[in-house]
Amino acid sequence: MNTWSESELVAGCREGRREAFDALVTVHYDRIHRLAWSLAGAEAAADLAQETFLAAVKAFPRFRADAQLSTWLVSILRNQYSLFLRGLRKWKAAPLSDRLPAPEPRPIEREVREILDRVKDLPEELRTTLVLFHVDGMKYADIARAMECPVGTVRSRLFEARERLKRLVSKADRP
Amino acid sequence: MTCREIREALDALLDGELDAGEELTVRDHLDWCRGCVQDYNDLREWHGSLADALAGEVVGPTTAERRRTADAVIAAIRPRTVPMSRLAALVAIGLSVGIVASAVSLSRPPGDQVARVVERIRERQSHDAQLRAVSAEIERDLGEARKVIAARGPEDPAARSVAIGSLNIARRLGADPLEELRRNGDLAATVLNAGAAPAGCISITRTVDGATISVTQGTDGRIRVSVPGYQVEARNMKELLSDHDELCRRYRISGSDGFLTVGDSAAGADWKGRLNLLLRTGAWDEQAQWDAYRDWAAAKAVDAKEFEHRIRSYQERCRDSAKKTASAAPAVNVEAVLREVKTLTRGELKRTQERIESETKKLEARLQEARELRERARGLRLFAEEAGRDR
């Protein structure tokens, strides 16, 4: 059901109404899932999206009336993604001798695969900025609100992310 | 603006994020600087590749994933809180009603509330009496089972199963009879000491829906599951299945302690290894008990016909004996309870009712578990008796 206005949805969630939270998921799930996919990969996308909504339920009493739901959810996604990365790094660092190779990627163009592989090497704040802009088409100002930083920082992060990525991709291209 | 500054601004220009004044400056620069025009064209191509790569790979969620999140979110919603304004109104109404009511009946609770509390107390005492009766039955059955196999060595398969099963059941019931058994030189204690032998590590790795899953049960009985992105750990299979049911469903992980399955693949220890794991994990369920009996009966039977006969006969005896369980009649002095409850004020009565309801709930859960354990204990006794006759 998509007939809730933003203010109705916020009021319903504040009151803890089940149908309001159901609508919150209906309206925002696909977008959060898409971003989660781009940030954390196919295997973790559904879990990361779910963790984002569960964290949103807990954090709803702190939701400010002047904020936008979609931007607020993205900021929660970013926090959850940071937690996910920390967990992943801890796991990667653990001496697991039986770590298994990742599943075979789908055959897509070489440059696209190269970009996707190298995006993972960017620091979290650069990668998130890049994904929010290119995957979600968010404006600098909205990214700044979601990432709690000045607009100028978004601009310089995007510049930095693209530069680094280009260097990484061309380095990999060299024989 | 220098070419370096222009280069930085080109990104924002392509993103449509330059303000009008800055855009004019950049475009003026592009009119005469061939190097920056070249940069602009390269950058435009690069932006296109990035957008295609990042946005093009994403596959939308399934309906099931969306539904699962919605269900999890709804399950996580806290009870609705009453807004302060409404709360104030309710308090005001409550106070005025309270003043009128107290003028009529002071602070004594109404009769139907007293009756409800008395009924709850009766219920709790009934549960308590039943739990004690069931526990006594279990202890009796386990004691008898251990007595029958006492003369056997810890390597005897039936004796070993009965000893480990009875210890696990007693522990789940809340008792740990090990010290006493050790003092008495009981076989169960000997088996526990002998159980220090390594149980072996069981491991299974399989690809499910493109993801590689690895499930391992270590010598300590703990189960570790590695899936792409993270890993979980549980004390035993029961805990894994209950605490991570979604993960287990998704990757089709199931089995029991000492016998793991992922999808269509399975891996397991031999029966002695499984018993050692069951001893460590403390999980003695219906399946473990059946496996124990089947393993023993298969070794004893001379042919398939006799094996089948033994199994059927054991099943029937278990079923019949489950019917013959003692019923516990609670001895509740209703008059005395009523007299006591009637002396309570409204507030005291409310608190008493809440406390008793919480205790009853816990007792109900323990009673349900004890009833299941009674069936295991009775089955073990029958197993031990049959093994005793069969020596």
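Evaluating 6.51 cos²θ - 1.76 cosθ + 1.60 at θ = phi - 60° for every residue in the stretch B:151-157, the Karplus couplings come out as 7, 8, x, x, 8, 5, x Hz, glycine and proline recorded as x.
For the peptides B:32-41, A:122-131, B:202-211, the ranking by mean Cβ contacts within 10 Å, running from highest to lowest, is A:122-131, B:202-211, B:32-41.
Amide hydrogen proximity for B:T207: with H placed 1.01 Å from N in the peptide plane, the residues at 5 or more positions away or on another chain lying under 5 Å are B:I213. Residue-wise HN-Hα couplings along the stretch B:29-35, as the Karplus relation 6.51 cos²θ - 1.76 cosθ + 1.60 with θ = phi - 60° gives them from phi, are 4, 5, 5, 10, 9, 5, x Hz; Gly and Pro carry x. For B:G255, nonlocal amide neighbours, meaning residues 5 or more places apart or on other chains whose placed amide H falls under 5 Å from its own, are B:T261. Quick check for you: which residues of the stretch B:24-43 have the amide N under 18 Å from the point 7 Å beyond the Cα of A:S170 toward its beta carbon? Inside the label zone: B:34-43. If you take the beta carbon distance between B:L338 and B:D209 as r and set R0 to 60 Å, what does 1/(1 + (r/R0)^6) give as a FRET efficiency, to the nearest 0.05? Result of the calculation: an efficiency of 0.45. Put a dot 7 Å past the Cα of B:R319, heading toward its Cβ, do the same for B:A20, and the two dots end up 8.9 nm apart. Between B:E364 and B:E119, residue separation times 0.36 nm minus the direct Cα-Cα distance comes to 86.7 nm.
Shape summary of the stretch A:6-173, radius of gyration then Dmax from alpha carbon positions: 17.5, 55 Å. Stretching B:E385 away from B:A55 to a fully extended chain increases their span by 111.9 nm, per 0.36 nm per residue minus the current alpha-carbon distance.
How big is the charge dipole of the stretch A:6-173 about its Cα centre, in debye rounded to the nearest 20, if each Lys and Arg gets +1 on its Cβ and each Asp and Glu gets -1 on its Cβ?
It comes to approximately 560 debye.
Tell me the net charge near A:D22. Cut-off is 11 Å between Cβ atoms, A:D22 excluded, with +1 for each Lys or Arg and -1 for each Asp or Glu. Walk me through the intermediate numbers first.
Numbers: positive: A:R17, A:R18, B:R66, B:R67; negative: A:E19, B:D71.
Combined, the nearby Lys, Arg, Asp and Glu give +2.
A Förster radius of 25 Å, combined with the Cβ-Cβ distance separating A:N79 from B:A76, puts the computed FRET efficiency at roughly 0.90.
The phi torsions of the stretch B:229-243, fed into the Karplus equation with coefficients 6.51, -1.76 and 1.60 and a -60° offset, translate into couplings of x, 6, 9, 10, 9, 9, 5, 7, 5, 4, 5, 4, 5, 8, 7 Hz, rounded to whole numbers, with Gly and Pro shown as x. So what is Rg over Rh here for the stretch B:220-341, counting just Cα atoms and using Kirkwood for Rh? Result: Rg/Rh = 1.19.
Taken together, the values in this text are just the output of simple stated rules run on the coordinates, not laboratory data. Fair warning: this is a prediction, and the values are worked out from it, not measured in the lab. For neighbour counting, all protein chains shown are included, and Cβ atoms are generated from backbone atoms with ideal geometry for every residue, glycine included.
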